[in-house]
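**Q** After the structure tokens below, expect a handful of questions from me.
Values quoted throughout were computed directly from the atomic coordinates according to the rules given, and no laboratory measurement underlies them. Values in this document were obtained by computation on a predicted structure and should not be read as measured data. FYI the Cβ positions are ideal-geometry reconstructions off the backbone, even for glycines, and counts take in every protein chain you see.
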């Protein structure tokens, strides 16, 4: 009787060990799966996105434009000059006239679509550009999103940082967001 | 009694064989899964390294004193390439004299500068060392200002907008 009971106990123990081994194996498999599924390689792209945002905004701010006038043809103007003029004369009036448009409309409708379209849209990037006066941020002076979409609700968003610029009405801040 | 024990033994053996079979099936699937995982992981690592190399090479090129915009004794402009310097640099690279030096910097790569504004038809291939039997390639882009120092004053714009396309091979 004792031996039968001992045999049953041993069998029970063996089955318990088997169960534990199976649970361990399943756990290891799940850990592997989780590691595989949660692998995030966003850090690898972070530097490329960040540098692209910074380089794009830096280069755009330096770019010079033609076809602008103020009581007669002007010498060379930079995008920053137009941005300042856009903040100081949002409705036009006394500001620069470029291809029949005042600074804000010219930047929003003509120049920036060419600059962003020829670069970030060509690289098939999603992006958002915003330029506003810090003291009066709403509504922004300029706002553009990419042909592939903006960055609302996206993860892996990188920013160019703030590009401040002094204008008559206050400080203009420009920012470019690039996302996946 | 003996017959009963033999039957019991046979059942035990069948049970053990079934358990071992299932165990080896699980082990086989585990090994297949691990092999796939290791394979994908290695490919990702390779792509990651290539991307890193592309970004490194682009940064190296953009800040190369041979092509970077300067402003007298002040620090050079970042993200700006001097078109006069760029043309001279391109011509200089046609010769073989400095091949080894720049190959050490950029390895197997193709560097193209594309103007976007005002003239999107203009582009320059500055460095071109493609790898014939490459296994993968990666292109990275950085925007840049292009300064034409031959235009001085007047009503012509002198700083254009473009980008650097860095194509690297492995």
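**Q** If the viscosity is 1.306 mPa s and the temperature 10 °C, what translational diffusion coefficient in µm²/s does Stokes-Einstein give for the range B:18-132 when Rh comes from Kirkwood over Cα pairs?
**A** Working: Rh = 18.0 Å.
The calculation lands on 88 µm²/s.
**Q** Can you give the average number of partner chain beta-carbon atoms within 10 Å of each beta-carbon in peptide A:48-55, as a whole number?
**A** Details: counts 9, 0, 0, 9, 7, 1, 4, 13.
Across A:48-55, the average partner-chain Cβ count within 10 Å equals 5.
**Q** Next question, about the same structure. Where does helix A:42-62 land angle-wise versus the long Cα axis of chain A, in degrees 0 to 90, nearest 10?
**A** 0 degrees
**Q** Using a simple spin-label model with points 7 Å from Cα along the Cα→Cβ vector, what separation in nm is obtained for residue B:66 and residue B:84?
**A** Each label point lies 7 Å from its Cα, and together they span 1.9 nm.
**Q** Roughly how compact is the range A:43-179, stated as its Cα Rg over 2.2 N^0.38 Å to two decimals?
**A** Rg over 2.2 N^0.38 Å, computed on Cα atoms: 1.05.
**Q** For the range B:116-153, list residues with backbone N below 16 Å from a point placed 7 Å from the Cα of residue B:42 toward its Cβ?
**A** The answer is B:135-136.
**Q** Would you mind ranking B:135, B:41 by Cβ crowding within 10 Å, fewest neighbours first?
**A** B:135, B:41
**Q** Sticking with this structure for a sec: Helix A:79-88 sits at what angle to the longest principal axis of chain A, using alpha carbons and giving 0 to 90 degrees rounded to 10?
**A** In chain A, helix A:79-88 runs at an angle near 80 degrees to the longest axis.
**Q** Taking Cα atoms, how many degrees apart are the long axis of helix A:2-37 and the longest axis of chain A, rounded to 10 and kept between 0 and 90?
**A** 10 degrees
**Q** Just from the alpha-carbon atoms, what are the Rg and Dmax of the protein assembly as shown in angstroms?
**A** Here Rg and the maximum Cα pair distance are 32.0, 119 Å.
**Q** Which whole-number percentage describes the relative contact order of chain B, with Cα contacts under 8 Å and a sequence gap of 6 or more? All intermediate terms of the calculation are to be shown ahead of the outcome.
**A** On the way: 222 pairs, mean separation 37.7, N = 170.
Normalised by residue count, the contact order of chain B is 22 percent.
**Q** Based on the Cβ-Cβ distance of residue A:33 and residue A:10, what FRET efficiency does E = 1/(1 + (r/R0)^6) give at R0 = 30 Å, to the nearest 0.05?
**A** E(calc), rounded to 0.05, equals 0.30.
**Q** Take residue B:101 and residue B:49, extend 7 Å from each Cα along the Cα→Cβ direction, and tell me the distance between the two endpoints in nm.
**A** In this crude spin-label approximation the distance works out to 2.9 nm.
**Q** Another question, then. In whole Å, what is the distance between the alpha-carbon centres of the range B:36-89 and the range A:118-180?
**A** Centre-to-centre (Cα) distance: 24 Å.
**Q** Using R₀ = 35 Å, calculate the FRET efficiency as 1/(1 + (r/R₀)^6) where r is the Cβ-Cβ separation of residue B:32 and residue B:170; round to 0.05.
**A** It comes to 0.80.
**Q** Once label points are set 7 Å from the Cα along Cα→Cβ at both residue B:24 and residue A:167, what is their separation, rounded to one decimal in nm?
**A** For residue B:24 paired with residue A:167, the spin-label model returns 7.7 nm.
**Q** Further, regarding this structure: Would you mind calculating the relative contact order of chain A from Cα pairs under 8 angstrom and at least 6 residues apart, reporting the percent as a whole number?
**A** 20 percent
**Q** Who wins for biggest fluctuation among B:113, B:22, B:139 in a Gaussian network model of chain B, springs between alpha carbons below 10 Å?
**A** Sorting by GNM fluctuation, first place goes to B:22.
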